1. Name the residue, out of Glu63, Glu76, that is under 20 Å from Glu151 (Cβ atoms), surrounded by 15 or more Cβ atoms within 10 Å (Cβ to Cβ), of a type in the set (Asp, Glu) and at pLDDT 90 or above.
2. Return only the number of the condition from (1) at pLDDT 90 or above; (2) closer than 12 Å to Gly40 by Cβ that Tyr168 does not satisfy.
3. Looking for something at pLDDT 90 or above and in contact with a Ser or Thr (Cβ under 6 Å, 6 or more places away or on another chain) - is there at least one such residue anywhere in segment 127-135?
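The values are calculated or read from the model by the stated rules, or taken from the named source; none is laboratory data. Please read these numbers as outputs of a predicted model, since none were measured by experiment. All Cβ positions, glycine included, derive from the backbone under ideal geometry; neighbour counts span all protein chains shown.
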Amino acid sequence: MTGGEAAGLTPVTLPDDELPFYRPAVGIMLINRDGSVFVGRRIDMPAGLAAWQMPQGGIDPGETPRQAALRELKEEVGTDKAEILGESRGWLHYDVPEELWVQFGGMWGGRYRGQRQKWFAARFTGKDAEINVAKPGGGGHKAEFVTWRWEPMKNLPDLIVPFKRPVYERVVKEFASLAGK
């Protein structure tokens, strides 16, 4: 059973003709032994939007969402010390606000207006000292976070930029039962 089935949620599905406008991506809720969740403070957010977020990123060609989640964890958090606990029932999506498009001159090469994400919950099996956001691993990937911390799951929607908040609210609902496992 996925976290979504446990929470009684129905996934929101984009119409097929909308899919090309959303970058296929994954998100990872990394949960420690105490039930708190990894969040990193983004390096590249404009003033006023300096937000904490969970690791996330695009799915490479030929990669499954699960493979992408584990790769992104290594690239952004600097560790692969995790085991997958569950995945979101469906794909979740968000639109990037127009003012960010203007400020950054388009995102993802101007190809997408947002992301559609498959979310995974994972148990962190390592030690905090094994997390390295300053020098993350994986193919010359640049650091995306300036710092990190463990945060109670219920606080996550209040930490993220407003346009991603509905996705975070849904992820928290879907994975709430996994925090104590």
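1. Step by step, each of Glu63, Glu76 is checked, and only Glu76 is under 20 Å from Glu151 (Cβ atoms), surrounded by 15 or more Cβ atoms within 10 Å (Cβ to Cβ), of a type in the set (Asp, Glu) and at pLDDT 90 or above.
2. For Tyr168, the exception is condition (2).
3. For segment 127-135, residues at pLDDT 90 or above and in contact with a Ser or Thr (Cβ under 6 Å, 6 or more places away or on another chain): present.
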